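Novice: Dropping the structure in here first, questions after.
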Amino acid sequence: MSGAIRVLLPPSAGDLVTSVLDAGCIPVVDGTGPTPPFVPAGAWVRTRPGRPAPGTGPVILAEYGAPVPDRPTWLETAVPREVPPGYAGLVLKGREAGGFCGEEDGLTALAGCPEPDRVILDAGVGPDTAAAAAALGAAGVLLVEQHLACPEVALPGGLRALLERSDDDITRLVVGVRVANPATSRVLLRLAAGDDPWLLAEGLWIDGTPDKLWMAGQGLALARELADRHGTLSALLRAFDLAWSRWATTVRQCPVRPLGGPVARCAAALGPADAVAAAEGVVGSAVLWQEARWRDRAVGGGPALAALATGASVAIDAETVAAVRAGLPAEEGSSSPAVAPATGAPSTAPGTLPLIAIIGLGCRFPGSDSAAEYWDNIVSARSAIREVPVERWDPLLHFDPDHSVPDKTYTRIGGFLQEFKFDARRFRVPPKVVPQLDPIQQITLATVADALADAGLQVDSRSPGREFDRSRCAVILGNSMGGEMTDAYAIRLNWSELRGQIEPALAHLSPEARALTLAQMERSYKAGLPEVTEDSMPGELANVIAGRIANAFDLGGANFTVDA
């Protein structure tokens, strides 16, 4: 984990500190209200000059004042500037931020900071625009509103209702203060008349009514979708951290589109498919570009490096792209991708290696039912080759040491899976369907469950492990042949053909004896072969395996089988 993601928590949400820390991020408890909150170990605190700074960790000052003695202190500022003496760094508030915000897009302001590595950006960023801040060298980002729709936060009802408003109207500027109150709120009249915003905000987190000033920023426009996409606070924070950590790879791989085309400047009206989400519109680029990334729209304006780091297609000239990518640190074993066409994915230059992380393993091999057993067999030089079990096929019938004998095999050894037991209830397979389910499908389901568990991910809703975005998880399965059921069905259905060839040889028998003999032969022939039912086709087809995995584990990404 990078530790670059700071998360502002309401004063009453100190219980979420552990969840934020477990996600590898830094919790910041809001202490700007009238009552000092409890600040657990490991958390920062946000306060105002002359007020208590509970806790023992670093401090964010919401207004200019003296640094807190013996505590690293970060100063909130609405303009790019040098870090004042005695301060650890700045919390730079773009025009997207709530409260006393800046006049520039946060990413543009960040690009103008003389010491970006001592700057935490507060601009309502999403995961992909957090990566843009990382590309510009920021020390981190501060999430103020983006996580508030997560169920763990438990917003008061009045504040939660405001999240349901349209994105472009969700905040407004009143005398230089960005707030999320409706335009008809009486508290805005008091703010416009010159009342102290901090006094107007007192009690907000207790009753959450529009009568209290909510100094929230445009990041609210992302909160609902972030919660829908990631489900939990911990999953959302991991998405931010992942995007932050791989910004350079994103810059190398993001597509580039030709300059020109219509321009959209509002998150709620990104325009047609060829629209460009431009900086300096109604909605700041830290928010607008995240919306564009989700909606597969191009971005433009603002710092070129930041735009490329979002991973959205970018309306920039090829020379600028080449210059930006040339300044990136070289990746071992790879080269920068070529500029891609406007409508396609990034093309891969010769020598480019795709980035793949193997995070979990599951396996069923002869002599081993897990990756650990398989590796132990390798390092112990333990062979799993043995004579064929008679239940697989009978050597007395099929083996002949003479290589020239047709329709026989001259070997009777191999590697065989043994004692595999399929837990049908675990994978919600009805008992009547199990006999029609090819062993390869049964084995694959069990192996996928092992891989998810090995990765520390939640196998299903009843299992331990980390939650993940199942809607984006794909299943790509390599399979070389059909399963054994296909052969079994072919043998069973061949009985009619075989009967037609046997029957003439029984012509010397009486009709009764002939019918009895054929009935006995049919029973013996079909013994152990599966019946053909409505479940037979999905139970035998190799290209169904990936779909069955997606169904069993509730995975919503692409699923397909490739010929291995």
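The values are calculated or read from the model by the stated rules, or taken from the named source; none is laboratory data. Worth saying up front: this structure is predicted, and the values here are computed from it rather than measured. Ideal geometry is used to build each Cβ from the backbone, glycine not excepted, and the neighbour counts take in all protein chains shown. Protein only, heavy atoms only, side chains kept; ligands, DNA and RNA dropped before computing areas. Shrake-Rupley method; radii C 1.70, N 1.55, O 1.52, S 1.80 Å.
Novice: Give the accessible surface of the chain per residue, rounded to a whole number of Å², with probe radius 1.4 Å and ligands, DNA and RNA excluded.
Specialist: Per-residue value: 48 Å².
Novice: Any idea how many Lys pairs in the chain come in under 30 angstrom at the alpha carbon, given 8 or more places apart or on separate chains?
Specialist: Total qualifying Lys-Lys pairs in the chain comes to 5.
Novice: In what sequence, highest mean first, do 190-201, 130-141, 4-15 appear when ranked by Cβ atoms within 10 angstrom?
Specialist: Final packing ranking: 130-141, 4-15, 190-201.
Novice: Compute the helix-to-body angle for 285-294: its Cα long axis versus the longest principal axis of the chain, expressed 0 to 90° and rounded to tens.
Specialist: The answer is roughly 20 degrees.
Novice: Out of LEU308, GLN501, THR108, whose Cα points farthest toward the positive end of the dipole of the chain (charges: +1 Lys, Arg; -1 Asp, Glu; placed on Cβ)?
Specialist: Going by the charge dipole, the pick is THR108.
Novice: Report, in degrees rounded to the nearest 10, the 0 to 90 angle that the Cα long axis of helix 233-245 makes with the longest principal axis of the chain.
Specialist: Taking Cα atoms only, the helix is inclined about 80 degrees.
Novice: Further, regarding this structure: Non-local amide H neighbours of VAL256 (under 5 Å, H modeled in plane, Pro and chain starts lacking H): which ones?
Specialist: VAL314, ALA340
Novice: Continuing with this model, one more query. Could you rank the peptides 359-371, 211-223, 67-79 by their average count of other C-beta atoms within 10 Å per residue, with the highest value first?
Specialist: 211-223, 67-79, 359-371
Novice: Would you work out the charge dipole size for the chain about its Cα centre, treating the Cβ of every Lys and Arg as +1 and the Cβ of every Asp and Glu as -1, and quote it to the nearest 20 debye?
Specialist: Roughly 660 debye, rounded to the nearest 20.
Novice: Quick one: ranking HIS403, HIS398 by accessible area, 1.4 Å probe, largest first, what do you get?
Specialist: Numbers: HIS403 130, HIS398 85 Å².
Largest accessible area first, the list is HIS403, HIS398.
Novice: Sticking with this structure for a sec: To the nearest 10 degrees, how steep is helix 484-493 against the longest Cα principal axis of the chain, on a 0 to 90 scale?
Specialist: The angle comes out near 40 degrees.
Novice: Counting only protein chains, not ligands or nucleic acids, how are ARG293, ARG492 ordered by accessible area (probe 1.4 Å), most first?
Specialist: So, going from the largest accessible area down, we get ARG293, ARG492.
Novice: I need the trypsin sites (Lys or Arg not before Pro) found in segment 131-187, filtered to DSSP loop residues with at most 12 other beta carbons within 10 Å of theirs.
Specialist: Loop-located and lightly packed - none at all.
Novice: Sort 383-394, 21-32 by packing, meaning the average of other beta carbons within 10 Å per residue, with the highest value first.
Specialist: Top of the packing list down: 21-32, 383-394.
Novice: Suppose we take every Cα in the chain and form the convex hull; what volume per residue is that in Å³?
Specialist: Details: hull volume 125.6 nm³, N = 564.
Taking the convex hull of the Cα positions in the chain, it is 223 Å³ per residue.
Novice: Divide by every residue of the chain the summed helix terms, -39500 (n - 2.57) for each DSSP H run of at least 4, and state the resulting mean residue ellipticity at 222 nm, rounded to the nearest 500 deg cm²/dmol.
Specialist: Working: 21 runs with 175 residues, N = 564.
Using -39500 (n - 2.57) per qualifying helix, the result is -8500 deg cm²/dmol.
Novice: Got a sec? What order do PHE422, PHE38 fall in by accessible area at 1.4 Å, biggest, i.e. largest, first?
Specialist: PHE38, PHE422
Novice: Let me know the charge dipole size of segment 103-244 about its Cα centre in debye, to the nearest 20, where only the beta-carbon of Lys, Arg (+1) and Asp, Glu (-1) is charged.
Specialist: In debye, rounded to 20, segment 103-244 gives about 280.
Novice: Ignoring any ligand, DNA or RNA, what whole percent of the accessible area of the chain comes from carbon and sulfur when the probe is 1.4 angstrom? Spell out each step's value before the answer.
Specialist: Working: 15100 of 27200 Å².
The C+S portion of the solvent-accessible surface of the chain is 56 percent.
Novice: Quick one: check the C-alpha center-to-center distance for segment 369-414 versus segment 74-132, whole angstrom.
Specialist: Using only Cα atoms to place each centre, the spacing works out to 66 Å.
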